[in-house]
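Chemist: Structure provided below as structure tokens; questions to follow.
The values are calculated or read from the model by the stated rules, or taken from the named source; none is laboratory data. Note that this is a predicted model, so its numbers are computed, not measured. Cβ sites come from the backbone with ideal geometry, for glycine too, and all protein chains shown count toward neighbours. The protein model used for the area step is the full one, side chains on, heavy atoms only, and it has no ligands, DNA or RNA in it. Shrake-Rupley method; radii C 1.70, N 1.55, O 1.52, S 1.80 Å.
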Amino acid sequence: MMTRADIQSGALRGDAFRELLLSVPLVERDGWVDALLGFDAPPPDSADLPRGAVPYLPCGVDEILAMVAEVPLRRDDTFVDLGSGMGRVAILAHLLSGARAQGVEVQEPLVHLARARCAELALPRVSFVHANAADTDLDGSVFFLYAPFNGEMLSAVLRRIEEVARRRPIVVCTVDLELHGVPWLRARTTGNVSLTLYDSCVRGVPVR
Ligand SMILES: C[S@@+](CC[C@H](N)C(=O)[O-])C[C@H]1O[C@@H](n2cnc3c(N)ncnc32)[C@H](O)[C@@H]1O
């Protein structure tokens, strides 16, 4: 039986970790992952979330597995979860692919919890920034949004992501969020109904 110690030692990664997750019955998988990685129940959301910000709710493990396989996420990618909560997506994306992973989260208590998880799991290639994603410079090759914000805040973050796409080809992954009328993104259908992938297509920058 693989344990948290196998994560900490680096023995449990990539395909072996993926196979282990898939061996757990679907209905038990999310709770099982939380127990393995040491995620407790989240604290209450901040009472003063900025306008357009969606409260914390973790993305399902199945959507994360589908995203890693379908991008496909590679060790030389830099993965960025915008609105990273307690860090589950960034940590799982890293463990499944080896990619460097970063989370950007506006609620400071969640950032502290995410950093504590990484420290305990000994994951130096995963980091978390306390920031409003609409107000911070971004960089990375794969961006993930589990419906973290809407309205003008979403538009502002998309402008930040477009700045990255002007420098390099990127993939934007959304769960439970359709991006309409974004001319520099081309949607790909995926095998997961909740997940959409978008390839950047800014003129002059090659598609990934
Ligand atoms: C639906 S949860 C997704 C959490 C995480 N991606 C996951 O799946 O486990 C949305 C998160 O986005 C955060 N958030 C909302 N607006 C934000 C913003 N402008 N900048 C950074 N984080 C934001 C919220 O605090 C919340 O933790």
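Chemist: Treating only the Cβ of Lys, Arg, Asp and Glu as charged (+1, +1, -1, -1), what charge dipole size does segment 81-128 show about its Cα centre? Round to the nearest 20 debye.
Modeler: Using only the charged Cβ atoms, the result is roughly 160 debye.
Chemist: Also: Give me the percent of accessible area attributable to carbon and sulfur for the chain, probe 1.4 angstrom.
Modeler: 52 percent
Chemist: Measure nothing but the geometry: give the 0 to 90° angle between the long axis through the Cα atoms of 88-97 and the longest principal axis through the Cα atoms of the chain, rounded to 10°.
Modeler: Result, in degrees: 80.
Chemist: What is the sum of charges, Lys and Arg at +1 and Asp and Glu at -1, for the other residues whose Cβ falls under 15 Å from the Cβ of S200?
Modeler: +4
Chemist: What is the ratio of the Cα radius of gyration of the chain to 2.2 N^0.38 Å, with N the residue count, to two decimals?
Modeler: 0.97
Chemist: Now for a different question. With only alpha-carbon pairs counted, each pair once and no self-pairs, how large is the Kirkwood hydrodynamic radius of segment 1-99 in angstroms?
Modeler: Kirkwood radius, segment 1-99: 14.6 Å.
Chemist: Please grab the % of Cα pairs in segment 96-208 that end up more than 21 Å from each other.
Modeler: 41 percent
Chemist: Can you tally the net charge around L121? Count Lys and Arg as +1, Asp and Glu as -1, for every other residue whose Cβ sits under 12 Å from the Cβ of L121.
Modeler: +4
Chemist: Further, regarding this structure: Taking 7 Å along the Cα-to-C-beta vector as the label spot, tell me the A16-E28 distance in nanometres, rounded to one decimal.
Modeler: It works out to 2.2 nm between the two label points.
Chemist: By how many degrees, 0 to 90 and rounded to 10, does the Cα axis of helix 61-70 deviate from the longest principal axis of the chain?
Modeler: 60 degrees
Chemist: Roughly how many Å² is the accessible area per residue of segment 67-194, as a whole number, for a 1.4 Å probe?
Modeler: 41 Å²
Chemist: What number comes out for the charge environment of H130, summing +1 per Lys or Arg and -1 per Asp or Glu over other residues with Cβ under 14 Å away?
Modeler: -3
Chemist: Taking 7 Å along the Cα-to-C-beta vector as the label spot, tell me the R75-D48 distance in nanometres, rounded to one decimal.
Modeler: 4.6 nm
Chemist: Over all alpha-carbon pairs of segment 153-208, lay out the pair-distance distribution in 10 Å bins, whole %, shortest bin first.
Modeler: With a bin width of 10 Å, the distribution comes to 24, 55, 20, 0.
Chemist: At a 1.4 Å probe radius, which order do T189, T3 fall into by accessible area, largest first?
Modeler: T189, T3
Chemist: Spin-label point model (7 Å from Cα, Cβ direction): what's the A131 to D176 distance in nm?
Modeler: 2.6 nm
Chemist: Could you compute how much accessible surface H112 exposes when probed at 1.4 Å, giving the result in Å² to the nearest 10?
Modeler: It works out to around 100 Å².
Chemist: In degrees between 0 and 90, to the nearest 10, how far off the longest principal axis of the chain does helix 26-37 point, with axes built from Cα atoms?
Modeler: 80 degrees
Chemist: Got a sec? Charge dipole of the chain, +1 on Cβ for Lys and Arg, -1 for Asp and Glu; which of V205, A99, G38 is way out at the positive end?
Modeler: V205
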